[in-house]
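Read-outs: derived from the displayed coordinates by stated rules, not from any lab. The structure presented is a predicted model; accordingly, all values stated were derived computationally and were not measured. Note that we place each Cβ from the backbone using ideal geometry, even for glycine, and neighbour counts take in every protein chain shown.
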Amino acid sequence: MGRLRPVLRLYVTGVIAAGAAALAVAYAMATVPTREDVVLAAVLLLIATVAQIFPLHLSVKVKVTAEDTATYAAALLLNPFLAIGVAASAKLLGLRFRNTRTTWYNRAFNTATAVLETGAAGMVFLLLDGGVPSLSRPMPLIAAAIAKYLVNTALVTAAVDLQLKRPPLSSWWAAQRREMRQSAALYFLGGLAATNAQGQPWIFFLFAVPMALVFLTTRETARLREQTRSVVLELADLIDLRDPYTHGHSQRVATMAERLARRLKLDAVQIELVRDAARVHDIGKIGTNDLVLLKPAALTAEEKTEMERHAELGHRLLRRLPEFWQGAEFVLSHHERVDGRGYPRGLVGNEVPIEVSVIAVADTYDAMTTDRPYRRALPWEYVRAELLRERGRQWHEIAVDAFVAMIDEERGVAAQRRVPADGRAEPAGALRGA
């Protein structure tokens, strides 16, 4: 957990502790389960676990499972301890059988979230005198579903926002507005199954067909999103093509930024966000006049202002797209500086996320090592000195140090491979031209 930011580490620890406390309270309140309860819990655990193992991926970062259908039904039909036991066990078993490479605290956080959301749904249902689930009394069912949904999405979104240095829950609506329909359909199926499963746990298997229909619809939505993603990436490439000197720039920056993020041991979500944001970091230049974008001489103050608008234009475009809205913050900030002299907001110090420095260092490296209208590509020795000179001023020190070490290592390997058979290395100047 040491790699997490202090505030996020405290938050994750708090959620895990709350999950453990909820489990302890539920155990203290638990009654001896009947045979029917045990059978029902086993059936729901099986369904929830299988749903965890076979999720439907809406995108690289978003997936939907039928787990909520089973755990919501458990909250309605079982006592709180059994219900959260089903949710926690399904989460752990799903992660185990999917061979998901996650840290222990990631697994603990996800399990605690499952405990808290299912426990909240069960308690709300009981407090509203839900009794036996019935469609004739829909309010307890609806309230329990809302409680489960809000607890889950709030806990997860807050973690993402803290990781990205945004106010907690500031991105909740943007993250959830496109997933609400799928979630509502899954909760509806869970509630419908629960109202018909009194003493007949096998009834849940009959809901496989409507659940499959929901998944097929969701898969079509995912396909359309992937098409949108492809169009945005193609647009980013077309913008690079406007200037023959920047052809392939965004692709190279994305590759380099991803490698640097991995070297810094950022988590999987951060790496994906860095790669995606780097891939489209200059998309806002779609609104930049060609006379400014392609000008070979120094820009005037007015032209410089127009050029600097591309970060905000890119943010405005990407924040509306489900595949890019999280990375849009990095696109907005990729010209910010640690010393506060960047744009558009003048962020200072740790206000600049490490992910932004990762993208900016990769961007600078590619810009300096490729030909431009006003100069030839610069040698690594010059670029290296410039990166180190701006270390702690333009970019976070850790990003510069890791990048310089990475390139030095690669060039060292390249130099070793170029040693002739007589054992004498080629002059350094020969390596510069590589």
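Numerical summary
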{"quantity": "Cut-off 11 Å between beta-carbons: net charge of the residues surrounding MET307, Lys and Arg +1, Asp and Glu -1", "calculated": "-1"}
{"quantity": "Among THR31, ALA385, PHE403 the positive-end extreme of the charge dipole of the chain (Cβ point charges)", "calculated": "THR31"}
{"quantity": "Between helix 138-163 and the chain: long-axis angle, C-alpha atoms, 0 to 90°, nearest 10", "calculated": "20 degrees"}
{"quantity": "Taking LYS304, LYS165 and counting other C-beta atoms within 10 Å, the order from fewest to most", "calculated": "LYS304, LYS165"}
{"quantity": "Exposure proxy ranking, count of Cβ atoms within 10 Å, fewest first, for ILE239, ILE359", "calculated": "ILE239, ILE359"}
{"quantity": "Rounded tilt (10° steps) of 104-127 against the dominant C-alpha axis of the chain", "calculated": "40 degrees"}
{"quantity": "Under 15 Å, Cβ to Cβ, from MET1 - net charge with Lys/Arg +1 and Asp/Glu -1", "calculated": "+4"}
{"quantity": "Degrees separating the helix 208-241 axis from the principal Cα axis of the chain, which is the longest one", "calculated": "10 degrees"}
{"quantity": "Given charges at beta-carbon only (K, R positive; D, E negative), |dipole| of the chain in Debye", "calculated": "380 debye"}
{"quantity": "Long pairs among LYS165/LYS265; LYS265/LYS285; LYS148/LYS265; LYS265/LYS295, criterion Cα-Cα beyond 29 Å", "calculated": "LYS265/LYS285; LYS148/LYS265; LYS265/LYS295"}
{"quantity": "Residue of LEU46, LEU317, LEU294 that the Gaussian network model of the chain assigns the largest fluctuation, springs spanning Cα pairs under 10 Å", "calculated": "LEU294"}
{"quantity": "Protection-proxy order for peptides 157-164, 111-118, each taking the mean of Cβ atoms within 10 Å per residue, highest first", "calculated": "111-118, 157-164"}
{"quantity": "Helix-only mean residue ellipticity at 222 nm for the chain, each DSSP H run of n ≥ 4 adding -39500 (n - 2.57), per residue, nearest 500", "calculated": "-21500 deg cm²/dmol"}
{"quantity": "Dipole magnitude of segment 6-206 about its Cα centre (Cβ charges: Lys, Arg +1; Asp, Glu -1), debye to nearest 20", "calculated": "760 debye"}
{"quantity": "With at most 12 other Cβ atoms within 10 Å, longest stretch of the chain clear of loop chymotrypsin sites (Phe, Trp or Tyr not before Pro) (DSSP)", "calculated": "1-201"}
{"quantity": "Debye-sum result for the chain in log10 I(q)/I(0), which assumes one identical scatterer on each alpha carbon, at q = 0.06, 0.09, 0.11, 0.12 Å⁻¹", "calculated": "-0.34, -0.68, -0.90, -1.00"}
{"quantity": "Per-selection Rg to Rh, segment 1-145 - Cα, Kirkwood hydrodynamic radius", "calculated": "0.99"}
